[in-house]
1. Would you be able to say whether some residue in the stretch 76-92 is buried (at least 17 other Cβ atoms within 10 Å of the Cβ) and part of a loop (DSSP other than H, G, I, E, B)?
2. Please indicate, with yes or no, whether at least one residue in the stretch 132-139 is away from ligand 1 (no atom under 14 Å from the Cβ), outside the structural domain of residue 221 (by TED's automatic domain parsing) and touching a helix residue (DSSP H, G or I) at 6+ places or on another chain (Cβ under 7 Å).
3. Scan the stretch 150-160 for residues that are under 14 Å from residue 177 (Cα atoms) and part of a loop (DSSP other than H, G, I, E, B) and jot them down.
4. Filter the stretch 273-288 down to the residues that are in a loop (DSSP other than H, G, I, E, B) and loosely packed, with under 13 Cβ neighbours inside 10 Å and list them by number.
5. Name the residue that is modelled with the lowest pLDDT, counting only residues in the stretch 229-246 that are in a loop (DSSP other than H, G, I, E, B) and touching a strand residue (DSSP E or B) at 6+ places or on another chain (Cβ under 8 Å).
6. Only residues that are assigned to a loop (DSSP other than H, G, I, E, B) and within 16 Å of ligand 2 (Cβ to nearest atom): list them for the stretch 103-149, please.
7. Can you tell me which residue in the stretch 156-195 is nearest to ligand 4 (Cβ to nearest atom), limited to those that are touching a helix residue (DSSP H, G or I) at 6+ places or on another chain (Cβ under 8 Å) and either in the same structural domain as residue 126 (by TED's automatic domain parsing) or at negative phi (or both)?
Ligand SMILES: [Ca+2]
Ligand SMILES: [Ca+2]
Ligand SMILES: [Ca+2]
Ligand SMILES: [Ca+2]
């Protein structure tokens with residue numbers, strides 16, 4: 001017998017249970033009651049029980065009957081039987097209200113008949129731009145990584161990682177929808193983490209960027225040249241140094257420029273003094289590739305460096321007492337007047 005407040009009475013009149021209204025209704029059930037019957041039986045009687053007598057007795061037994069009890073009418077419960085029941089409970093699902101038997105009044109977000117949660121995500125993704133998550137009574141929108149939920153709770157706005165400092169790009173940051181990309185300044189390349197910029201070692205690349213020597217530096221490289229070359233800064237190529245033209249050589253005689261170096265060669269010396277081809281008027285001294293002239297005592301080399309001129313030693317010499325100077329090779333002598341003698345005729349001759 002379900003339901004509480006059962007007051008079962010054996011009711012002799014028939015009252016059919018009614019539904020649709022609050023209150024008590026009768027319900028028939030099978031019950032038992034005591035029934036009796038008068039039965040006749042034969043027993044011994046008389047003197048020394050020699051006789052047989054017929055007697056009567058009342059026999060009691062249990063017999064089935066239809067009973068009725070007062071129960072709440074279908075769809076109601078409670079002590080006054082005026083609390084409606086919705087699908088076996090006094091409340092609907094999700095704490096919604098049961099207003100009439102099997103009639104729920106559902107709050108927004110729940111659906112009839114039992115006020116089950118409405119899965120808003122099934123329809124148009126719940127109005128969410130990205131991800132819809134169904135929850136009891138409502139739903140929630142969320143956004144994929146790189147986006148933030150707009151104030152309407154539905155749209156998703158891109159996060160500008162570049163301007164918010166979330167990018168961690170080493171050099172340059174470019175915002176994209178839902179993400180961002182990092183790029184590097186010239187001479188650098190993006191590392192595997194997509195953020196760090198590493199210097200490019202141009203010197204280890206193919207083709208080799210320099211003519212001769214390459215020096216890697218952060219963000220760039222420089223070229224240099226070996227001995228005998230100089231760098232042409234406009235073309236970054238190595239050019240030969242012409243050591244012969246620039247005088248930057250150690251050749252005594254002939255300098256011949258070569259690529260990256262120079263070569264010296266020698267002149268064969270001719271002894272002009274020996275061959276008599278010199279122009280010296282007096283002494284000739286052979287030198288490698290040439291010769292020099294010199295003069296004997298009493299002569300002086302002229303400006304042409306070949307001719308020897310006699311030195312006039314009488315210049316500035318005064319012969320006294322009427323004497324006069326005679327220029328000699330390498331010296332002079334005073335020729336004195338009669339009666340005088342001495343180097344400069346300064347003495348009176350005793351022979352006079
Ligand atoms: Ca929902
Ligand atoms: Ca972005
Ligand atoms: Ca570099
Ligand atoms: Ca050279």
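The values are calculated or read from the model by the stated rules, or taken from the named source; none is laboratory data. None of these values were measured; they are calculated from a predicted model. Note that each Cβ is placed from the backbone with ideal geometry, even for glycine, and that neighbours are counted across all protein chains shown.
1. yes
2. There is no residue in the stretch 132-139 that is away from ligand 1 (no atom under 14 Å from the Cβ), outside the structural domain of residue 221 (by TED's automatic domain parsing) and touching a helix residue (DSSP H, G or I) at 6+ places or on another chain (Cβ under 7 Å).
3. Within the stretch 150-160, the first condition is being under 14 Å from residue 177 (Cα atoms), and the residues that meet it are 155-160.
Hits for the stretch 150-160 are 155, 159, 160.
4. Initial filter on the stretch 273-288 (in a loop (DSSP other than H, G, I, E, B)): 276-282, 288.
276, 277, 279, 288 - these are the residues of the stretch 273-288 that are in a loop (DSSP other than H, G, I, E, B) and loosely packed, with under 13 Cβ neighbours inside 10 Å.
5. Going through the qualifying residues, I end up with 236.
6. Within the stretch 103-149, 129, 130, 143, 144, 145, 146 qualify.
7. As a first pass, look at the stretch 156-195 and keep what is touching a helix residue (DSSP H, G or I) at 6+ places or on another chain (Cβ under 8 Å): 167, 169, 173-175, 179-180, 187.
Checking which are either in the same structural domain as residue 126 (by TED's automatic domain parsing) or at negative phi (or both) leaves us with 167, 169, 173-175, 179-180.
Details: 167: 54, 169: 49, 173: 51, 174: 51, 175: 56, 179: 58, 180: 55 Å.
For the stretch 156-195, the residue satisfying everything is 169.
This table checks each residue for (1) more than 15 Å from ligand 3 (Cβ to nearest atom); (2) assigned to a loop (DSSP other than H, G, I, E, B); (3) free of Cβ contacts under 8 Å to residues at least 40 places away in the same chain.
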position	(1), (2), (3)
163	yes, no, yes
174	yes, no, yes
193	yes, yes, yes
203	no, no, yes
227	yes, yes, yes
248	yes, yes, yes
